[in-house]
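Reading through the structure tokens given below for one structure.
The values are calculated or read from the model by the stated rules, or taken from the named source; none is laboratory data. The structure displayed is predicted, hence computed values, not measured ones. Cβ coordinates were reconstructed from backbone atoms using ideal geometry, including for glycine residues, and neighbour counts include every protein chain displayed. Only protein heavy atoms, including side chains, enter the accessible area calculation; ligands, DNA and RNA are left aside. Shrake-Rupley method; radii C 1.70, N 1.55, O 1.52, S 1.80 Å.
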Number of protein chains: 4
Amino acid sequence: MQNKRGFASDNNAGIHPEILKALEMANDGHVIAYGDDPYTEKAIENFRRIFGKDVEVFFVFNGTAANVLGITAITRSFHAIICSDLAHLNVDECGAPEKYTGCKLLIVPSPDGKLTPDGVAGHLHGFGFEHHAQPKVVSITQATEMGTVYTPYEITALAELAHSKGLYLHMDGARIANAAVSLGRGFREITVDAGVDILSFGGTKNGVMLGEAIIFFNPELSRDFKYIRKQGMQLGSKMRFISAQFSALLENDLWRQNAEHANEMAQYLAEKIEQIPEIKITQLVQANAVFAIFPAELIPELQKKYFFYVWNEATCEVRWMTSFDTTREDVDGFVAEIQKLLGYKGIRYKRG
Amino acid sequence: MQNKRGFASDNNAGIHPEILKALEMANDGHVIAYGDDPYTEKAIENFRRIFGKDVEVFFVFNGTAANVLGITAITRSFHAIICSDLAHLNVDECGAPEKYTGCKLLIVPSPDGKLTPDGVAGHLHGFGFEHHAQPKVVSITQATEMGTVYTPYEITALAELAHSKGLYLHMDGARIANAAVSLGRGFREITVDAGVDILSFGGTKNGVMLGEAIIFFNPELSRDFKYIRKQGMQLGSKMRFISAQFSALLENDLWRQNAEHANEMAQYLAEKIEQIPEIKITQLVQANAVFAIFPAELIPELQKKYFFYVWNEATCEVRWMTSFDTTREDVDGFVAEIQKLLGYKGIRYKRG
Amino acid sequence: MQNKRGFASDNNAGIHPEILKALEMANDGHVIAYGDDPYTEKAIENFRRIFGKDVEVFFVFNGTAANVLGITAITRSFHAIICSDLAHLNVDECGAPEKYTGCKLLIVPSPDGKLTPDGVAGHLHGFGFEHHAQPKVVSITQATEMGTVYTPYEITALAELAHSKGLYLHMDGARIANAAVSLGRGFREITVDAGVDILSFGGTKNGVMLGEAIIFFNPELSRDFKYIRKQGMQLGSKMRFISAQFSALLENDLWRQNAEHANEMAQYLAEKIEQIPEIKITQLVQANAVFAIFPAELIPELQKKYFFYVWNEATCEVRWMTSFDTTREDVDGFVAEIQKLLGYKGIRYKRG
Amino acid sequence: MQNKRGFASDNNAGIHPEILKALEMANDGHVIAYGDDPYTEKAIENFRRIFGKDVEVFFVFNGTAANVLGITAITRSFHAIICSDLAHLNVDECGAPEKYTGCKLLIVPSPDGKLTPDGVAGHLHGFGFEHHAQPKVVSITQATEMGTVYTPYEITALAELAHSKGLYLHMDGARIANAAVSLGRGFREITVDAGVDILSFGGTKNGVMLGEAIIFFNPELSRDFKYIRKQGMQLGSKMRFISAQFSALLENDLWRQNAEHANEMAQYLAEKIEQIPEIKITQLVQANAVFAIFPAELIPELQKKYFFYVWNEATCEVRWMTSFDTTREDVDGFVAEIQKLLGYKGIRYKRG
């Protein structure tokens, strides 16, 4: 190995060996392109086994597209999408949702990345008033961008509010496996059973090379989606190599194993960090991220050894993430480096 | 092997073993996501070695995006794109160019898939007239959708015409390796040296799992492209797994080996088909496709054994394609099946 | 009067005095903006009196918007619009349909500006095939851009074909009054009764200052149109001044009087031109346009006196249009000028 | 007169008699359509006389288009627009800016409708980071949607900040005449001289029937604007009737007379309202609007007599606007009606 593992992001990790093996197994002869192949059929079956036999499943290349095209399917351009100010949809897509859907984003401040019914309700007005972009979608991220997790009850409350006003509930599940494991629930309980209408099911951050799935719980909503995906530049020709990865992820509970491990490593890292008084953890550690206020002057020093992202320049809040391949030794080494920078000699936990 | 090789399309093939090996080699530890990694740096170097040190290179997931986003970089929505009526851009993208660029497509009839200066000139009017979408791009496909190939002289003639009127010359190089091999020329001679401004360099149809590169020969044109790619939903997070494939393709001339083989197999197929009087080859076989008029009543029969596409329902023109992994035995078996359907007993070539 | 009347276009004319008077009458106190006013209510009633009580009517500023936003209401971006190669929608909107609807235009060559079922049928394929923009609208212009007129039977044939495949029939009625008068039919007979689903009802070319109406014959299709109009930048605040013009046009048959006069003047012009052997009329004169091949060298000379458009530079085909305010003296003067240029001495009709 | 004057909006008013007269005067013979006419030439001269000889001027139908298309000219879809949360651009356009420009709106809370450098600075980050929509425009409204007015110094401060980061300063001048009069400044001092790059110059709210002008202070920025306007569905054919209105507005200082009167009437109304202790004025009255908290239970009663808009349902803040045709008697009658509803007997001002 030449490339060190770090804590910058779960998408800095590579491919889980089982996924890579699935790519090799799928590399066999010719199959029809664009998804009319047995690998894709099997992957869809795997999703239906989990989410119910009526769901419709479509594969795309990445999470931006999963979210944007999924929302395209359930909106027209005069609609509005309600989301957290911290939502990936809002801050990290270079305006892709606005450009592609034409919709306005209505933003709710959310310090922990989670929408609340109260926050959403503040945007539920102007229905029927043509000067106002018409609210049509509530979009939540599970686990959130801040490493927090919605309970099924919280999701249900948002779904009920959304549905009562004719809106859909969209879930950006880039890290849905981490959320499911965190909650000790199955995928179905935290999505369709809780009222979610459409789900971006993430693979990339959980050990897949690339690929995301869009799950329509109401098949009617997916009626035109094949055209939307194609026109949206997201129809892969050798699709078997995306679908085969998802079968590998879903069979034998590899998704669970990977997410459990990443979450455990985040807990382990948080426990160690909590014992360092110079660092203050700022968010509940419920998935595979640790957010913390870190001494400003040491950030560049630590980044020389371990690249990571400063989340908030003003407050020196940083983000550290674990992944399926993080080891205890990785965490120990990282914490030791931090301690070294802080001037620690030996183990100095639990200082009073 | 469970999946039979056929002649439906070069994207029905899988991954070349060297490419798959490159994926495995790149699956090593953590690297920074979104392209700031050594694999991507190396792949770009490989492209610069071939095309010149000043070119700018961007990777995207598929050919639709390579064409649409590349053209987005050099147009505004009130521009028009001149292309062949048979161009993939025109007939096979479900309107992606119009939706994403906002531009009008101006179509030139072209029985062999090739634009001519005369055909292009017919659309070079209305400059400065605000009612008319302003021509800004001539887009050609190399090799064409009909398996034909532009000579460097033909490309230069189109480039000179385009440039004389302030238009750019865009090349959809989904099968540029097949064209280069067919012409016995290097990539540079048939692109930048011939006047091409921007190139979609295809990998998928030449043994790559997925991935295309956009090459800007004038770096100034690429200034904003990183935003266009991101907003265009085509920025891959684990980009190393796309770039590593291209390094494998470009190093050791794997691209050439693959394309040479596919082209040879098309020649071999064409030679055999030419000896069957019931079938009429309709296009020059210059790359890896054979187009032919096939007896209508036998099409469904043959498709049961070997799936392929009917290009023109009205004329019973069909398309057969070869790929990097096509074998002589595959061709022999396919031709034998055709002969069997035609009622041949034994070898009956060269009937007179 | 300072500005001479000419034959360049019916939109070079001004406002009919009755329309101007209606503007003055509507200029009375305050009314609620954006269409919730008695003038707009009355204009809609006038349209319902003519087209049926269930139609939905929306006013916009110009014909580009009437066509583009009307089609937006009945399409999604992955759809395609079938129209004549000469359609205003195709050649004179600087790509507005593509930019705003995202749809592909599928073009049918039509020397007289009229679509035929055969021509349309050539594009009725690829349904359900995701690579192909899905045909959803047939758009015809009545009277056409070439001054020809569809009969009700021709419209019905197109409507039946369109509907049989799940497409809508859209009519660009920029000059529908001229067509109705030409056919001796009522508006209803040549639109909804013939199978038209949505109509752009033109006012500007028939004596109105500015304003067009979009008529939905199936109210369900207009359900979201108020949002589409607003987001489409076409909701006028002082809407009463658009609607009042339409009431003036529709009441007392002013529309008919204006169109009858314009058509008569075109006939009168055509009769005179027919007698000049150096000029060849190229299209049936069925509405208010005369198309003719004119001696190339004299075009600039005539344009110095009377500005008009050369329709086809290659063939020297020119377009002359009459309007509600054209007089016999205008025609006589124009023809005399032509004769003078041709070197005529006195009246030399019927030579030969 | 049948229609009562009220206080709902300045666009509920009609056309100033001088403007109507200009329409009549322009209704003379034929002129070339689409703006190549002497009336439009003269209107542009009038604007150049005021703003400088190098400005470029384009007419469109309404304010939505003036803002959206003006911003289209200076952005690409991956850019972001910084504006007040109360900006018309943000709340009253049904998402037109997002749909048409593709840009993200970055919102700054602003209780009085005015942006401050501090507020803007909060969004000036992420430059060069491809995940982030790139800030490119600061848009301010003058007078603001809350009836307040930016001083030239405030505008200059925003312009300097914007320009220092490569952004443009856009001004929505739907009520710029009211602002100029309020400040006692000329148009030039509060726009180009203060650093504004592009201006939507409003006519409709100041006595015009319909029409807005887009003024580019840097002609280079307008280079492609004629195509943008046409593709944006805002090129009027009988343009003389829009331009002639602007000449009437700008000549003889009609713009000033109208705005001065409207502002005076707002002051007069505010003075009277201030004396009613049950009503609390919430914003500085600097232009032609009065915002006030009004007793909730009486709002529907008052609306029966005088329609007006409730600005904030939660706080019972209402908006009353005056216009060029408001009379002192109108104000007296309105205030008397309010007093009657409040149970006043006779004049009871200045209660202690």
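For this structure, a couple of remarks:
- Convex hull of Cα atoms in the range B:9-75, direction-averaged projection (nm²): 6.3
- Cross-link partners for D:Lys205 among the lysines, with Cα-Cα distance under 19 Å and sequence neighbours closer than 8 places in the same chain left out: C:Lys230, C:Lys238, D:Lys4, D:Lys21.
- The angle separating the long axis of helix B:17-26 from the principal Cα axis of greatest extent in chain B is about 30 degrees.
- Using heavy atoms of the protein chains and a probe of 1.4 Å, the accessible area assigned to B:Thr141 is about 10 Å².
- For the pair A:Thr315 and A:Ala336, a Förster radius of 30 Å applied to the C-beta separation gives a FRET efficiency near 0.75, rounded to the nearest 0.05.
- Gyration tensor (alpha-carbon) shape descriptor, the range D:20-138, a/c threshold 1.5: prolate
- Listed pairs B:Lys136/D:Lys99; A:Lys226/C:Lys136; A:Lys99/A:Lys226; B:Lys305/C:Lys165; C:Lys136/C:Lys226; A:Lys280/B:Lys226 exceeding 27 Å between Cα atoms: B:Lys305/C:Lys165; A:Lys280/B:Lys226
- Sites A:Ile299 and D:Thr116, calculated FRET efficiency, Cβ-Cβ separation with R0 25 Å, nearest 0.05: 0.25
- For A:Glu189 and C:Phe129, a Förster radius of 22 Å and the Cβ-Cβ distance give a FRET efficiency of 0.05, rounded to the nearest 0.05.
- For the range B:70-119 and the range D:199-226, distance of Cα centres in Å: 33
- In a DSSP loop and with at most 15 other Cβ atoms within 10 Å, the chymotrypsin sites (Phe, Trp or Tyr not before Pro) in the range B:89-138 are B:Phe127, B:Phe129.
- Accessible area of the protein assembly as shown divided out per residue, in Å², using a probe of 1.4 angstrom: 34
- Where rotation carries D onto B, the chain D residue whose Cβ is nearest that axis, in whole Å: D:Arg76, 4
- Each other copy holds its own label point for B:His125; taking that point as 7 Å from Cα along Cα to Cβ, the gaps run 3.0, 5.6, 5.7 nm, nearest first.
- Hydrodynamic radius by Kirkwood, which averages 1/r over all alpha carbon pairs of the range C:17-253, in angstrom: 17.9
- Summed over both chains, the accessible area lost when C and B associate is about 1500 Å², using a 1.4 Å probe.
- Carbon plus sulfur fraction of accessible area for the range C:102-177, probe 1.4 Å, in percent: 59
- At least 30 Å² of accessible area lost relative to the chain alone, listed for the range A:125-141 with a 1.4 Å probe: A:Gly128, A:Glu130, A:His131
- Heavy atoms of C:His163 accessible to a 1.4 Å probe, total area in Å² rounded to 10: 80
- Computed from Cα atoms, the angle from the helix C:38-51 axis to the main principal axis of chain C rounds to 80 degrees.
- When Rg and the Kirkwood radius Rh are both evaluated on Cα atoms of the range D:254-295, their ratio Rg/Rh stands at 1.05.
- log₁₀ of I(q)/I(0) at q = 0.07, 0.09 Å⁻¹ - the protein assembly as shown, Debye sum with one point per alpha carbon: -0.82, -1.29
- Approximate shape of the range B:166-247 as ellipsoid semi-axes (Cα gyration tensor, √5λ), whole Å, largest first: 22, 19, 9
- Taking B:Leu23, B:Leu115, B:Leu341 in turn, the Gaussian network model of chain B (Cα-Cα springs below 10 Å) assigns the largest fluctuation to B:Leu341.
- Tilt relative to chain A, helix A:152-164 - C-alpha long axis, 0 to 90 degrees, to 10: 30
- For chain A, built as a Gaussian network whose Cα springs stay under 10 Å, the top-fluctuating residue of A:Glu24, A:Glu297, A:Glu189: A:Glu297
- Considered as an equivalent ellipsoid built on the Cα gyration tensor, the range A:254-344 has semi-axes of 22, 14, 12 Å, the largest given first.
- The modelled label-to-label distance for the pair D:Tyr344/B:Asp85, using points 7 Å beyond Cα in the direction of Cβ, is 7.7 nm.
- Ascending list, in nanometres, of distances separating the C:Asp224 label from those of the other copies (7 Å, Cα toward Cβ): 0.7, 2.8, 2.8
- Cβ-vector label at 7 Å, A:Glu251, separations to other copies in nm: 3.2, 7.7, 8.3
- For the segment A:74-87, counting C-beta atoms of other chains within 10 Å of every residue's C-beta and taking the mean gives 3.
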